[in-house]
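Here's the structure, in structure tokens; my notes come after.
The values are calculated or read from the model by the stated rules, or taken from the named source; none is laboratory data. These numbers come from a predicted model, not from an experiment. Quick reminder, even Gly has a Cβ in these numbers, built from the backbone with ideal geometry, and neighbours come from all protein chains shown.
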Amino acid sequence: MKIKTVGVVGAGIMGAGIVQVCAQSGYRVVVLEINDELLQKGLGTVDHFLGRAVKKEKITAEKKDQILGLIQGTTDPKDFKDCDLIVEAIIENLELKKEMFKQLDEVCPPHALLTSNTSSMTITEMAAVTERMDKVAGLHFFNPVPIMRLVEIVRTIVTSDETVEALREFSESLGKTVVVAKDTPGFIVNRLLIPYLLNAIRVYESSLASTEDIDTAIELGLNHPMGPFRLLDILGNDTTLFIADNMFDEFKDDMYAAPVLLRRMVSAGILGRKSGKGFCGEYKR
């Protein structure tokens, strides 16, 4: 199938990034939010980042206007009636996602593919509330979406080959590199990343070294672009804890058990850059 119009559910950081890369690649985009305030905030995010691209002379002002002209904001799911592909990017709450997928199944055309940008939740449970389980998959982008080149396509035991190939072609048209994973919590990247981050916190908890020295050791010793604590501050401690808890519930493996320090920091609102304070100190907000 040929994807021409993309629907994006949610205009937060991830949703806005997905809207931007789709419109920049020439797709018509319909973005849905629950109210006009959040919708305008999301559209403002897209406008801001495109404006920065103009200042850096990566695109022209005329090109920016063309891109914005491809984007339609809405608070009514019925505006997805002409979409060929939907990317759900709302908060990580499975019941809300299932409710959204049921609604999408009712309003979207029969051929439309329904996907979730979830980083750890089961796609199969979302697919199960629809009448098109073969057309449901995960389409996991990485933050920041306009910069990060990877997309994980997550196929359930009933996702069709046609759906996977259509999503692969679409993702590659955005300039992304595609990997395909089975529908298990964490998929590929987080399945490997979360134990690494949790172990870094355990090493710090044991007083073996400071967060700064651990980061430096990983960056210079393993040639990583950034150490685990700088990465934790960018990802958000709450996000890391949420994914870890999901994976522990599924696998019951201690490697996914969140350290006490991480749980305490989340309880105290020390979330990283988003809260102004994290493992690496304070940030300007």
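For the condition surrounded by 15 or more Cβ atoms within 10 Å (Cβ to Cβ) and under 17 Å from the mean Cα position of the chain (by Cα), what is the one hit in Thr184, Thr177?
Values: Thr177 fails: surrounded by 15 or more Cβ atoms within 10 Å (Cβ to Cβ).
One residue alone meets the criteria, Thr184.
Select from segment 82-96 the residues that are touching a helix residue (DSSP H, G or I) at 6+ places or on another chain (Cβ under 7 Å) and either surrounded by 24 or more Cβ atoms within 10 Å (Cβ to Cβ) or within 14 Å of Leu139 (Cα to Cα) (or both) and list them in ascending order.
Keep residues of segment 82-96 that are touching a helix residue (DSSP H, G or I) at 6+ places or on another chain (Cβ under 7 Å), which gives 85-90, 92, 94.
Once the filter is applied, which keeps residues that are touching a helix residue (DSSP H, G or I) at 6+ places or on another chain (Cβ under 7 Å) and either surrounded by 24 or more Cβ atoms within 10 Å (Cβ to Cβ) or within 14 Å of Leu139 (Cα to Cα) (or both), segment 82-96 yields Leu85, Ile86, Val87, Glu88, Ala89, Ile90.
Out of Ile201, Ile214, which single residue is in contact (Cβ under 8 Å) with a residue 24 or more places away in the chain and either part of a helix (DSSP H, G or I) or closer than 25 Å to Asn117 by Cα (or both)?
Values: Ile214 fails: in contact (Cβ under 8 Å) with a residue 24 or more places away in the chain.
After ruling out the rest, the residue left standing is Ile201.
Could you please find all residues in segment 119-139 being β-branched (Val, Ile, Thr) and modelled with pLDDT of 95 or more?
From segment 119-139, those β-branched (Val, Ile, Thr) are 122-124, 129-130, 136; that's our starting set.
If the condition is that a residue be β-branched (Val, Ile, Thr) and modelled with pLDDT of 95 or more, then Ile123, Thr124, Val129, Thr130, Val136 are the ones that fit.
Considering each residue of segment 157-176, count those that are over 15 Å from Thr115 (Cα atoms) and of a type in the set (Gly, Ala, Ser), and give that number. Explain how you work it out, then say what you get.
Step one: list which residues in segment 157-176 are over 15 Å from Thr115 (Cα atoms), which gives 172-176.
Filter once more, keeping what is of a type in the set (Gly, Ala, Ser): 173, 175.
Qualifying residue count, segment 157-176: 2.
Return the pairs, sorted by first residue and then second, in which the second residue is surrounded by 14 or more Cβ atoms within 10 Å (Cβ to Cβ) and part of a loop (DSSP other than H, G, I, E, B), the first residue lies in segment 92-112 and is at pLDDT below 95, the beta carbons are less than 6 Å apart, and the residues are 6+ apart or on different chains.
Within 6 Å, the pairs are Leu94/Met121.
Which of the residues spanning segment 241-274 are out of contact with any Phe, Trp or Tyr (no Cβ under 8 Å at 6 or more places or on another chain) and not in a helix (DSSP H, G or I)?
Lys252, Asp253, Pro259, Ala268, Gly269, Ile270, Leu271
Scan segment 141-168 for residues that are touching a residue at least 24 places away in the same chain (Cβ under 8 Å), among the acidic types (Asp, Glu) and over 18 Å from Met14 (Cα atoms) and jot them down. Reasoning before the result, please.
Going through segment 141-168, the residues touching a residue at least 24 places away in the same chain (Cβ under 8 Å) turn out to be 141-146, 149-160, 162-164, 166-167.
Filter once more, keeping what is among the acidic types (Asp, Glu): 152, 162.
Within segment 141-168, Glu162 is the sole residue that qualifies.
Inspect segment 32-52 for any residue being surrounded by 14 or more Cβ atoms within 10 Å (Cβ to Cβ) and touching a residue at least 60 places away in the same chain (Cβ under 8 Å) and give the result as yes or no.
The answer is yes, given that some residue of segment 32-52 is surrounded by 14 or more Cβ atoms within 10 Å (Cβ to Cβ) and touching a residue at least 60 places away in the same chain (Cβ under 8 Å).
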